[in-house]
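**Q** Structure incoming, see below.
The values are calculated or read from the model by the stated rules, or taken from the named source; none is laboratory data. These numbers were taken from a predicted model, which means no experiment stands behind them. Virtual Cβ from ideal backbone geometry, glycine too; neighbours counted across all protein chains shown. Note: areas computed on protein heavy atoms with side chains; ligands, DNA, RNA excluded. Shrake-Rupley method; radii C 1.70, N 1.55, O 1.52, S 1.80 Å.
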Amino acid sequence: KHLSGDDSDVDHSNQYISDVKRLTGVPYPHDTQEQQSRTKLADGLKTALRTQTQSFVSQFVQSNGLDCLLEFLQQMDHNTRQSAIHTAIIGCIKALLNNTYGRGRVLSHVSATNIIAQSLYTDNVKTKVAVYEILGAVCLVPGGHKNVLKAMTHLQHFASERTRLQTVVLDLDRSTGIYRDEVNLKTTVMSFLNALLCCGSGEDNLEFRVHLRYEFLMLGFQPVFVKLREQSNPALDRHLDFFELMRRDDERQLSSRFGVPHIDTSSASAMLDVLRRKLAHSASYPHLLSLMHHCLLIPGRVGIFL
């Protein structure tokens, strides 16, 4: 029987979906030939979603292909998570995001961003780079920035991290031993970090940017930032320069609110003096005193509690 183009796309996309479902939840194989076979399948789907007709992509999405990919990511074992198969499946989602119809379905999916963020829980640098590129792009679309922040909080619990954004700072400080991979990862992470700071709520909200930036600084970002400068890479330096530019501008805006040219945020006494002068004759002053009373109870040594 002769198949029309649309019929062929239906059969083609359904076969891919069937193959991915067959491998979902299946442990990573020890056999090298089977490893290559699974990687080839995932790479083939990624290529098809990039190069096939709109009819193919639409049929794939309408047949719950996106849910199939997300379910695979949810159920993969540790070894699959580290493999090129994982990288290729993330590449499939990236291909959907580069398609108008596919992008709409990914962005409207209730848990897609969370599941994509989970894929940062890997040592595979190529997978990490692809995920950061996706999350950075999602920050740029209406409503996407809020979803990405929620996804980073979701990742914190998924990966049993102490704080949100811990993975981001660790990836900035990660040493892969391969210069090109290392710089590529660090550049992509800095691009993502800047998108978090300047998109969505950060676009016109000084308080949001300052709070979020302090989240990174509390995780030891500043010494990592200094180390990143040592890479002397033009692409990475552009993102570092942009971060510094935003930071200096925000510090000037914050200082102007207190009527001072500069606030030394590395000095507790300097910050307290600025607060005292601003709040001394306001209804907020008793609250500042109360806060300081509580701060006096902070233990001076780790492991000592009052």
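**Q** Condition check: surrounded by 14 or more Cβ atoms within 10 Å (Cβ to Cβ), at pLDDT below 90, part of a helix (DSSP H, G or I) and of a type in the set (A, V, I, L, M). Does Leu254 satisfy that?
**A** yes
**Q** Looking at segment 116-132, which of its residues are part of a loop (DSSP other than H, G, I, E, B) and open to solvent by 50 Å² or more (accessible area, probe 1.4 Å)?
**A** Selection gives Tyr121, Asp123.
**Q** Go through (1) touching a residue at least 24 places away in the same chain (Cβ under 8 Å); (2) open to solvent by 30 Å² or more (accessible area, probe 1.4 Å) for Gly104 and report which single condition fails.
**A** The single condition Gly104 does not satisfy is (1).
**Q** Which one of the conditions (1) surrounded by fewer than 19 Cβ atoms within 10 Å (Cβ to Cβ); (2) in contact (Cβ under 8 Å) with a residue 40 or more places away in the chain; (3) in a helix (DSSP H, G or I) does Arg248 fail to meet, given that it meets all the rest?
**A** (2)
**Q** Return yes when Thr113 is at pLDDT 95 or above, buried (at least 22 other Cβ atoms within 10 Å of the Cβ) and not in a loop (DSSP other than H, G, I, E, B) and no when it is not.
**A** When the stated conditions are applied, Thr113 passes them.
**Q** Between a residue in segment 86-101 that is touching a residue at least 24 places away in the same chain (Cβ under 8 Å) and under 11 Å from Arg50 (Cβ atoms) and any residue that is buried (at least 22 other Cβ atoms within 10 Å of the Cβ) and of a type in the set (Asp, Glu), which pairs come within a Cβ distance under 6 Å, given they are 6 or more apart or on different chains?
**A** Short answer, once both residue conditions are applied: none.
**Q** Would a scan of segment 26-34 turn up a residue that is surrounded by fewer than 16 Cβ atoms within 10 Å (Cβ to Cβ), part of a loop (DSSP other than H, G, I, E, B) and on the phi > 0 side of the Ramachandran plot?
**A** Taking every residue of segment 26-34 in turn, none turns out to be surrounded by fewer than 16 Cβ atoms within 10 Å (Cβ to Cβ), part of a loop (DSSP other than H, G, I, E, B) and on the phi > 0 side of the Ramachandran plot.
**Q** Do you know which of the residues in segment 54-101 that are among the β-branched types (Val, Ile, Thr) and more than 24 Å from Met152 (Cβ to Cβ) is most open to solvent (accessible area, probe 1.4 Å)?
**A** So, considering only residues that are among the β-branched types (Val, Ile, Thr) and more than 24 Å from Met152 (Cβ to Cβ), the one most open to solvent (accessible area, probe 1.4 Å) is Thr100.
**Q** List, please: which pairs have Cβ atoms under 8 Å, are six or more places apart or on different chains, and start with a residue in segment 204-232 that is acidic (Asp, Glu) and end with one that is exposed (fewer than 14 other Cβ atoms within 10 Å of the Cβ)?
**A** Glu215/Thr163
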